[in-house]
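The block underneath contains the structure these notes are about, expressed in structure tokens.
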Amino acid sequence: MTPPLAGIRVLDLSRVLAGPWCTQLLADLGAEVIKIERPGHGDDTRHWGPPWHGEGDKRVAAYFLSANRGKKSAAIDFAQREGAELVRKLAERSDIVVENFKVGGLEKFGLDAESLRGADPRLIVASITGFGQDGPYAERAGYDYIIQAMGGLMSITGQPDGTPGGGPMRVGVAVVDLFTGLYTTVAILSALFRRERTGEGAHIDMALFDTQLAMLANQASNALVSGHDPPRQGNTHPNIVPYQPFEAADKPLVIAVGNNGQFAKLAELCGHPEWVSDERFASNASRVANREQMVGLVSDCIRQDSADAWFAKLEAAGIPAGPINTISQALADIQAQHRRTVRTLAGMPTVGSPVRIDGDRADSDLPPPALGEHTDDVLAQLSVDPAEIGRLRAEGVVG
């Protein structure tokens, strides 16, 4: 398959997760991604270990590996005048620039969206910040954890107050960063499509806070429509019953009954077809209203047999169900193996892109780069000769 973004060049000025997640996806789709890193240090996540991959001066944190597949690393200090000029020249040769500096943070280097697009109106610049380019919080730094707290996500995550372990809880992965990276990718692809028709680039303004509010989805809609804040419900669903973990005779499993047809089948499997005609349980709305009674009855049924026995019966009946796996168990699952989810690139383990196009994987074969691994090659594209590269390296402009 010819990669969809073959011939597109991305200049990646971002670091940590939201921006790198976006540019990794662009690399997986075939774009050439040049990651600019600070000489001698690089992306902060290179040092966010343990765990580590490699040893000595080649040691890199597993965190960095998760978001930087498919990229070239050029170590250029654009805080220095000559470094900034090199990055500007790279921007002139690029289709897309992705950055996640604080609002106004790149202006002093002449690398802000207005300056770069002034030199090339076709350029697409995506700026990722905590709170956006304007508004009363625009100057604030934004981190996933803070946004989960401010954006309402923690208020609906975790066990209810008054129960063991009750209280607000963050999601176990930096989900706001990841969603923002994905939304940014969508915006970039839309801007590329528009540029094909109009010749105009764009400045894309992406905020973690905006993304967090948007991804509340049905929970935000519930609050707006009802006028009440949704409570924390642990592992239950606010709008569907039964839709939660249940304890089988040996271990827990999750059962997700999404419609009345599936509920009728579950009632049959539990030996209680009369549940379907019971006014307390006949519809999803009535099951939600009588959640405690419904869950109690299903729980009594499920604990009578093993989880594996229930998986077999539920699958045969077309009722969604699954085990509660650890990450290692999930990555080793036969479905993950069949889909070749885990890949090894130059000895580095990675979870590949989930994107499949016409039956082909859409992910890069380039491993996450060493710091400055491609500096010389990138500068050669700007016709910087080896002697000049040596001088720049000696003076700390590049690494």
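Out of everything in the stretch 341-359 that is open to solvent by 60 Å² or more (accessible area, probe 1.4 Å) and not aliphatic (A, V, I, L, M), what residue ends up being farthest from ARG59 (Cα to Cα)?
Looking only at the stretch 341-359, we keep the residues that are open to solvent by 60 Å² or more (accessible area, probe 1.4 Å), and these are 342, 344, 346, 349, 351, 354, 356, 358-359.
Checking which are not aliphatic (A, V, I, L, M) leaves us with 344, 349, 354, 356, 358-359.
Working: THR344: 17, PRO349: 14, PRO354: 27, ARG356: 32, ASP358: 37, GLY359: 35 Å.
If we take residues in the stretch 341-359 being open to solvent by 60 Å² or more (accessible area, probe 1.4 Å) and not aliphatic (A, V, I, L, M), then ASP358 is farthest from ARG59 (Cα to Cα).
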Inset, instruction - With respect to LYS89, determine if the residue is outside any loop (DSSP other than H, G, I, E, B), open to solvent by 70 Å² or more (accessible area, probe 1.4 Å) and within 23 Å of GLY7 (Cβ to Cβ). - result: yes
Legend entry - Matching helices (runs of 4 or more DSSP H) fully within the stretch 208-320 where at least 2 residues are within 30 Å of THR180 (Cβ to Cβ) and open to solvent by 40 Å² or more (accessible area, probe 1.4 Å): 208-214, 217-226
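Among ALA285, ALA332, which is the only one that is modelled with pLDDT of 95 or more, aliphatic (A, V, I, L, M) and over 27 Å from GLY172 (Cβ atoms)? Lay out the reasoning, then the answer.
Details: ALA332 fails: over 27 Å from GLY172 (Cβ atoms).
Matching residue, one of ALA285, ALA332: ALA285.
Counting only residues that are among the charged types (D, E, K, R) and buried (at least 19 other Cβ atoms within 10 Å of the Cβ), which one in the stretch 92-102 is nearest to THR184 (Cα to Cα)?
GLU99
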Legend entry - Answer from ARG117, ARG69, ARG46 - the residue that is surrounded by 18 or more Cβ atoms within 10 Å (Cβ to Cβ), in a loop (DSSP other than H, G, I, E, B), modelled with pLDDT of 95 or more and charged (D, E, K, R): ARG69
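Would you confirm whether any residue within the stretch 379-387 is surrounded by 12 or more Cβ atoms within 10 Å (Cβ to Cβ) and in contact with a Ser or Thr (Cβ under 8 Å, 6 or more places away or on another chain)?
no
Here is a yes/no grid of residues against (1) in contact (Cβ under 8 Å) with a residue 60 or more places away in the chain; (2) open to solvent by 60 Å² or more (accessible area, probe 1.4 Å); (3) in a loop (DSSP other than H, G, I, E, B):
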| site | (1), (2), (3) |
| --- | --- |
| GLY104 | no, no, yes |
| LEU111 | yes, no, yes |
| GLY132 | yes, no, yes |
| TYR137 | yes, yes, yes |
| ALA141 | no, no, yes |
| PRO168 | yes, yes, yes |
Legend entry - Residue under evaluation ARG197, criteria (1) surrounded by fewer than 17 Cβ atoms within 10 Å (Cβ to Cβ); (2) among the charged types (D, E, K, R); (3) touching a residue at least 24 places away in the same chain (Cβ under 8 Å), criterion not met: (3)
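The values are calculated or read from the model by the stated rules, or taken from the named source; none is laboratory data. Since we're looking at a predicted model, the values are computed, not measured. Cβ coordinates were reconstructed from backbone atoms using ideal geometry, including for glycine residues, and neighbour counts include every protein chain displayed. SASA here: full protein model, heavy atoms, side chains in, ligands and nucleic acids out. Shrake-Rupley method; radii C 1.70, N 1.55, O 1.52, S 1.80 Å.
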